[in-house]
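A.B. asks: Sending over a structure as structure tokens; questions will come in a sec.
Read the figures in this text as sums done on the coordinates, not as results from a lab. Nothing here was measured: the structure is a model prediction, and the numbers come from that model. No Cβ is skipped: glycine too gets one built from the backbone with ideal geometry, and neighbour counts run over all protein chains shown.
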């Protein structure tokens with residue numbers, strides 16, 4: 001009995017000692033890159049639930065992170081994750097960032113302003129067809145994010161431009177998945193080279209804004225695989241983004257953030273993605289299901305998400321191993337961040353240098369659609385500047401793609417700084433008119449929320465006599481047509497896609513009066529996306545699309561107008577003759593606005609789900625025939641084809657040679673500058689399936705390259721590589737597979753989807 005008691009005492013003492021030692025170890029346990037599993041094991045259920053749910057529902061108001069707005073750490077950032085100080089788990093700060101870091105300019109108790117660089121929008125970046133240049137822009141963005149204390153940029157957006165009316169197209173890259181994926185990958189590599197993460201978005205098939213929170217995108221498996229997922233696949237495999245953001249919508253009846261197929265089977269198992277997945281802000285319905293399928297973070301997070309997860313963990317409907325997998329992936333992300341590594345951000349990025357990056361990149365994405373020799377313009381000539389957009393220039397879009405910029409260089413200022421002399425009368429008239437219009441619109445614009453575009457000034461009225469005088473006194477007319485858009489809203493045909501009556505009248509009047517004097521007219525399109533051009537393009541002698549080129553946009557346009565640099569952009573999207581030609585006719589067209597938010601204001605709780613076409617659901621009836629795949633296959637004429645773009649010189653392409661090295665095909669093309677102006681050229685390679693292959697597009701883009709700047713008479717050989725597996729297409733339904741037919745494939749090279757003078761056969 002005595003020995004038994006002694007043994008019991010010794011065991012108890014040992015147990016107590018072990019417990020004390022274990023408690024001490026836990027107390028000193030801090031997160032490192034090598035002990036993530038131990039940290040997960042040491043976390044309480046409450047800590048795990050907190051980590052997977054964002055910060056907008058807990059603690060004090062000072063620590064709350066709401067949708068698009070945080071009050072602590074980095075004011076104005078989109079959100080943060082939950083810190084766990086006892087285990088050394090630092091918070092992560094997320095900020096919107098497709099065209100610049102979106103944070104607040106003001107901070108309590110601080111006199112200075114915190115501005116960010118407004119870089120060119122996604123559409124312009126893709127129009128460069130220059131991966132290296134986009135990577136440079138991404139590098140500047142990453143550096144700026146890091147210096148403002150941002151750990152992950154919620155960018156880039158790489159949804160397909162299915163329809164020209166999508167309000168968020170300005171953030172996106174192309175109607176083609178290859179160009180989309182390559183440009184996105186370059187952007188990601190650039191940002192992440194600075195040790196800042198990215199979140200590629202919106203995964204997936206988020207191609208309209210109206211009722212985006214509840215719309216069901218219905219499409220075939222082959223369209224899903226070949227068109228809408230392919231860009232994400234390329235970006236994942238070629239740039240290893242830190243995170244992926246799921247979209248708001250359903251895909252074939254299932255919320256993307258609740259889809260095991262999209263998040264685990266395809267993203268992780270098929271593509272090998274190793275990072276974390278987060279919801280878009282407010283996305284999804286079932287927090288527990290999101291955890292179970294592999295959506296690691298719910299942002300910005302609400303109390304009921306936390307409560308549901310805790311309840312499910314306690315009743316066993318959510319296994320601890322399931323949430324542990326999410327927690328582990330989040331911690332693997334945390335240990336990469338600048339904040340975890342103790343980076344002392346300065347709140348003082350080099351805005352001057354970054355502005356120069358954006359200004360220098362923009363001309364490469366400007367697309368010269370037409371030019372009879374009107375451009376470039378000699379500085380010895382007097383320029384008459386027309387259109388309110390010349391004086392109220394649009395640098396970027398609104399919503400998550402907006403940036404609090406230090407200034408915007410309009411076209412007037414850009415041309416003057418470049419040394420151009422402007423028609424003084426038109427300058428005076430427009431300056432006064434735009435000032436008056438801004439004052440008229442100010443009250444309404446001041447109360448419009450961050451996600452809504454501002455009302456634009458109307459065109460100058462009763463200016464016929466002034467235009468006649470300007471045609472007499474000036475040497476050339478420049479007319480700017482502007483368009484902006486925002487997330488949460490889709491564009492209207494009459495309001496946005498078509499020219500307004502006053503804009504069309506302006507072009508007609510200026511063209512009539514200037515042409516009567518033997519003088520030229522150039523139109524500058526400062527636009528968020530495609531507009532109708534067939535009704536007026538013949539009136540212009542030159543047309544330059546500058547898109548939304550960032551806050552140094554006016555300077556960048558002036559450098560092109562003045563011939564300092566040749567535009568070298570090519571269209572990443574087709575421009576149809578009329579909207580009725582667009583293959584995606586299943587789209588919410590001219591939906592009335594109440595001024596609240598089209599994302600959800602048209603969702604009706606009165607109707608059952610699936611009741612209203614293009615609102616509750618959208619049928620992707622065009623299948624894989626998006627953009628040029630449709631126009632080229634069905635022989636539908638376009639105003640300007642995908643891939644089109646002129647320069648200030650001429651180029652000759654010759655000697656297409658194919659060489660197959662294992663599974664890699666090298667297409668070599670000689671490019672010679674045959675004109676008198678130094679410029680760059682884009683070479684595009686398209687492939688057609690073997691004759692007799694059923695139901696395939698006439699041609700599909702499989703590679704591209706941009707030359708260096710070639711001097712007159714200079715030649716460069718470009719090499720464009722693609723894998724033969726990239727030629728495969730999806731056959732069968734959900735249980736289908738990638739198929740690569742044998743036979744003779746036709747490889748074509750040229751400068752657009754219709755200008756393909758070089759051809760060679762590839763036998764597989």
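A.B. asks: Go ahead and run the numbers for FRET between residue 260 and residue 593, Cβ-Cβ distance against an R0 of 35 Å, rounding to 0.05. Numbers along the way, then the final one.
C.D. replies: Details: r = 36 Å, r/R0 = 1.04.
Efficiency, rounded to the nearest 0.05: 0.45.
A.B. asks: Using the Cα gyration tensor of the range 612-764, with a ≥ b ≥ c the square roots of its eigenvalues, what is the shape: rounded (a/c below 1.5), prolate (a/b larger than b/c) or oblate (neither)?
C.D. replies: oblate
A.B. asks: Could you tell me the calculated FRET efficiency between residue 498 and residue 455, based on Cβ-Cβ distance and R0 = 22 angstrom, to the nearest 0.05?
C.D. replies: 0.80
A.B. asks: In degrees between 0 and 90, to the nearest 10, how far off the longest principal axis of the chain does helix 303-315 point, with axes built from Cα atoms?
C.D. replies: Around 40 degrees separate the two axes.
A.B. asks: Starting from the Cα of residue 41, step 7 Å along the direction of its Cβ; do the same at residue 286; then give the gap between the two resulting points in nm.
C.D. replies: With each label point 7 Å from Cα toward Cβ, the separation is 3.2 nm.
A.B. asks: Right, next: Going by how many other beta carbons lie within 10 Å of each one, how would you line up 483, 699, 512, fewest first?
C.D. replies: Lowest to highest Cβ neighbour count: 512, 699, 483.
A.B. asks: May I pose another question? Order these peptides, 425-434, 270-279, 112-121, by their mean beta-carbon neighbour count within 10 angstrom, highest first.
C.D. replies: The peptides rank, most packed first, as 112-121, 270-279, 425-434.
A.B. asks: A further question on this structure: With a cut-off of 8 Å between alpha carbons and a minimum separation of six or more residues, what is the relative contact order of the chain in percent?
C.D. replies: 14
A.B. asks: For a label point 7 Å from the Cα of residue 193 along Cα→C-beta, name the residues of the range 115-144 whose backbone N is under 11 Å from it.
C.D. replies: 132-143
A.B. asks: Classify the chain as rounded, prolate or oblate from the Cα gyration tensor: take a ≥ b ≥ c as the square roots of its eigenvalues, call it rounded if a/c is under 1.5, otherwise prolate when a/b beats b/c and oblate if not.
C.D. replies: prolate
A.B. asks: Among 154-160, 78-84, how do they line up by average Cβ neighbours within 10 Å per residue, starting with the highest?
C.D. replies: By packing density, highest mean first, the sequence is 154-160, 78-84.
A.B. asks: Could you work out how far helix 424-446 tilts from the main Cα principal axis of the chain, as a 0 to 90 degree angle to the nearest 10?
C.D. replies: Result, in degrees: 30.
A.B. asks: Taking the radius of gyration and the Kirkwood hydrodynamic radius from Cα positions alone, what is the Rg/Rh ratio for the range 706-764, to two decimal places? List each step's numbers first, then the result.
C.D. replies: Numbers: Rg = 16.4 Å, Rh = 14.6 Å.
We get a ratio of 1.12 for the range 706-764.
A.B. asks: Here is a follow-up. Gain in length, residue 307 to residue 104, computed as 0.36 nm per residue apart minus the alpha-carbon separation, to one decimal in nm?
C.D. replies: Gain on extension, residue 307 to residue 104, equals 70.0 nm.
A.B. asks: Students often check this: by mean Cβ neighbours within 10 Å, which of 203-216, 492-505 ranks highest, and how do the rest follow?
C.D. replies: In descending order of packing, they fall as 203-216, 492-505.
A.B. asks: Separate question: Hey, what's the per residue convex hull volume over the C-alpha atoms of the range 353-471, in cubic angstrom?
C.D. replies: 146
A.B. asks: Same structure, new question: Would you mind checking the range 131-152 for residues with the amide N under 16 Å from a putative spin-label position 7 Å along Cα→C-beta of residue 344?
C.D. replies: 147-149
A.B. asks: Taking R0 as 51 Å, what's the FRET efficiency between residue 677 and residue 30 from their Cβ-Cβ distance, rounded to 0.05?
C.D. replies: Efficiency computed from Cβ-Cβ geometry: 0.25.
A.B. asks: Would you mind telling me the antiparallel percentage of the DSSP bridges in the chain, rounded to 5?
C.D. replies: Around 60 percent of the beta bridges assigned by DSSP in the chain are antiparallel ones.
A.B. asks: Once every DSSP H run of n ≥ 4 in the chain is given -39500 (n - 2.57) and the sum is divided by its residues, what mean residue ellipticity at 222 nm do you get, rounded to the nearest 500 deg cm²/dmol? Working shown, then result.
C.D. replies: Numbers: 19 runs with 222 residues, N = 764.
For the chain, the value works out to -9000 deg cm²/dmol.
A.B. asks: Is the range 31-334 best put as rounded, prolate or oblate by its Cα gyration tensor, with a ≥ b ≥ c the root eigenvalues, rounded for a/c under 1.5, and otherwise prolate when a/b is larger than b/c, oblate when not?
C.D. replies: oblate
A.B. asks: Per 0.36 nm of contour for each residue apart, how much would the distance between residue 381 and residue 417 grow if the chain were fully extended, relative to their Cα-Cα spacing?
C.D. replies: Stretched out fully, the residue 381 to residue 417 stretch lengthens by 11.5 nm.
A.B. asks: How far, in nm, would the chain grow between residue 714 and residue 269 when pulled straight, counting 0.36 nm per residue and subtracting the alpha carbon separation?
C.D. replies: That pair, residue 714 and residue 269, stretches by 155.5 nm at full extension.
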